[in-house]
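For reference, the structure discussed in these notes is given below.
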Amino acid sequence: MMEDPSSKMSEDVCRSPPLDPGSPGYVMESSTKTRNCSGSGSNSVERQACFPDQVLENVLENVLCFLTSRRDRSAASLVCKSWYRAEALTRSELYIGNCYAVSPRRATSRFNGIRSVAIKGKPRFADFNLMPRNWGAHFSPWVASMAMAYPWLEKVYLKRMYITDYDLAHLAMSFPGFKELVLVCCEGFGTYGLAVVARNCRQLRVLDLIESEITDDEEDFIDCFPKSHTCLESLIYDCVDCAINFEALEALVARSPRLKKLRLNQSISIGQLYRIMIRAPQLTHLGTGSFGTSDGIIQGEQEPDYASAFTACKSLICLSGFREIMPEFLPAIYPVCANLTSLNFSYANINAEKLKPVIRNCIKLQTLWVLDSICDEGLQEVAAACEDLRELRVFPFDAREDIVGPVSEVGLEAISEGCRKLESILYFCQRMTNAAVVAMSKNCPDLIVFRLCIMGRLRPDHLTGQPMDEGFGAIVMNCKKLTRLAVSGLLTDHAFSYIGEYGKSIRTLSVAFAGDSDDGLKYVLEGCPKLQKLEIRDSPFGDSALRSGLHHYYNMRFLWMSSCRLTLQGCKEIARELPRLVVEVMRDELIIDDDLSDTVHILYMYRSLEGQRDDTPEFVDIL
């Protein structure tokens, strides 16, 4: 009999690749079942009764081992109870899309052969300071449960989680074979916790710290790695603000022959970078650090030939860093440009003239991140040189709304004409036209991600003065593979009617300062069946719009609405009608007007098997 999907962990909570058929755990489980079926002590009737079921289970587990898609495994686990059990037995990786959607106890009791865990905490709007600090997403209960249930755990990936130094110490002491730690946009820990990990995880292959907030505990974690040869393959610490011991870093690189990925922080000068590179010519991914000043050079010595160090790195395909770039050093990277598939200039304040000699040689480039300081002229050069480009992100150097930005519809249209294989774009600008967005929808029909951020509230097509409805409408009409969309500028309900009618594959939608009335949100909630994540801020959507999604909220990972027109009573009605949905309301402590006491500042709704969490801060009410 089919089980109620709502009683299971959602596809976003934990769906992952299976246990390796060659692993000891898998062999032991399969052989035990075989022995139980064909043991000599059982009579023929008992053998006949159990043998078909056991054979079916063995076959099923072997088949499930080939399922690597989370969605495929989700579908398999819902067929019947035996498939549900088999899917759990063959899982080696656990993915938790929302740390509050399921408890650590429930996850570890169902899946007991896990080697790799990925957990996400706060929603994405936390990156824009829209979520109060100390909201939650603590790693502590997870590491405590995993320490008891998963002694052979090897990999942990955390995103937007709150992690303490004690958590890192607990992790380092609990898993003797631990190999990979990736922390993305996390906070709460410092260099002391990292030192414990480096000192105790002797088989560590990956330590990636990406856009995380790390406190300086005056502990040199770089110097805590094993003094013999290490297993390091990837070391990313470009978000660490404090200076590190360069001699310790240089020695670590020298004794890490497997190191392929290295991203340095801004305390590393180009002179020090040179010394690192000549000791690690095997690198494939390099974050350059500051790419400025020559502090690593002894006074009186001749400036090194930086280009020769890059020339020696024959395998280099990804470059990033350039945090305090001195443009006169840019020619040093010319020798590797022809092999680059990824280039991140999102910290490099360079103009089009400095970009041109670099980008003209990047004929294999597939991923490019840049600042808008390159202007439309620089984007035109990218379009002419990089026909294989798949992902482009253009970030603002100056994010103020009241300026005339250096990139516009001219750059966007050039990219659409020259980079027709584009699949993902994030584009910040101050002015845009419908015609340019329509052109992109026609020239780049394979777009999966389209995020256009027109800075400044309610900005129309700057040539015609019309809303941007037709541009975004063309995107959802012509880009059939689109799964992620961010809209901005002056948009009426008509734009949302396009999204509801044509955006049938959209899973993530971000909305800011858009719409006329509740109808706009109704079009989306009633028309986008695959919608998983919906983020809305500063838009005129109220209780009626919120109720229009009652049929769909159990299928979504979360809904975030801030500074809209919701009332506390309206949110309470949703919580009453959908009891398995967690409805969190966050108060704005700056508002003391009694007339606004029924106004909801932030609403965060998500599905959960556990109900109300037990670490709710004072400014959060769970309805």
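The values are calculated or read from the model by the stated rules, or taken from the named source; none is laboratory data. Keep in mind that what you see is a predicted model, and the values were worked out from it rather than measured. Remember, those area values only see protein heavy atoms, side chains included, never the ligands or the DNA or RNA. Shrake-Rupley method; radii C 1.70, N 1.55, O 1.52, S 1.80 Å.
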Q.
Over the chain, with the other protein chains present, what is the accessible area per residue in square angstrom, probe 1.4 angstrom?
A. 42
Q: Whole Å is fine, so just give me how far the alpha carbon centre of the range 221-252 lies from that of the range 99-140.
A: 28
Q) Probe 1.4 Å, all protein chains in place: accessible area of LEU78 in Å², nearest 10? A) 40
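With a cut-off of 8 Å between alpha carbons and a minimum separation of six or more residues, what is the relative contact order of the chain in percent? Don't skip to the end; give the middle numbers.
Values: 1425 pairs, mean separation 38.7, N = 623.
Relative CO of the chain lands at 6 percent.
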Q. Which ³J(HN,Hα) values in Hz, rounded to whole numbers, follow from the phi angles of the range 546-562 under the Karplus curve 6.51 cos²θ - 1.76 cosθ + 1.60, where θ = phi - 60° and Gly and Pro get x?
A. 4, 5, 5, x, 3, 6, 10, 4, 5, 8, 9, 6, 6, 10, 10, 9, 10
Q: At q = 0.10 Å⁻¹, work out log10 I(q)/I(0) for the range 154-304 with the Debye formula, treating every Cα as an identical point scatterer and leaving solvent out; two decimals please.
A: -0.33
Q. Cα centroid distance between the range 150-178 and the range 484-558, in Å?
A. 37
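DSSP beta bridges in the chain, what fraction antiparallel, as a percent rounded to 5?
Details: 16 of 91 bridges.
DSSP beta bridges in the chain are roughly 20 percent antiparallel.
In terms of the ratio Rg/(2.2 N^0.38 Å) built on C-alpha atoms, what value belongs to the range 471-586? Mind dumping the intermediate values first?
On the way: Rg = 13.4 Å, N = 116, 2.2 N^0.38 = 13.4 Å.
This ratio for the range 471-586 stands at 1.00.
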Q.
Which three extents, in angstrom, do the Cα atoms of the range 186-266 have along their principal axes, listed largest first?
A. 30, 22, 21
Q.
As a quick test, which of the pairs LYS364/LYS481; LYS261/LYS533; LYS159/LYS261; LYS120/LYS481 have an alpha carbon distance above 27 angstrom in this structure?
A. LYS261/LYS533
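Given a 1.4 Å probe and every protein chain left where it sits, what share in percent of the accessible area of the chain is carbon and sulfur?
Values: 13530 of 26390 Å².
So the carbon and sulfur contribution to the accessible surface is 51 percent.
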**Q.** Contact order relative to length of the range 102-199, as percent, for alpha carbon pairs under 8 angstrom and 6 or more apart
**A.** 29
Q. At q = 0.11, 0.12, 0.14, 0.20 Å⁻¹, what log₁₀ I(q)/I(0) does a Debye calculation on the Cα points of the range 371-479 give, no solvent, two decimals?
A. -0.29, -0.35, -0.48, -1.02
Q. Per the Cauchy relation, a quarter of the hull surface: what is the mean projected area of the convex hull of the alpha carbons in the chain, in nm²?
A. 31.5
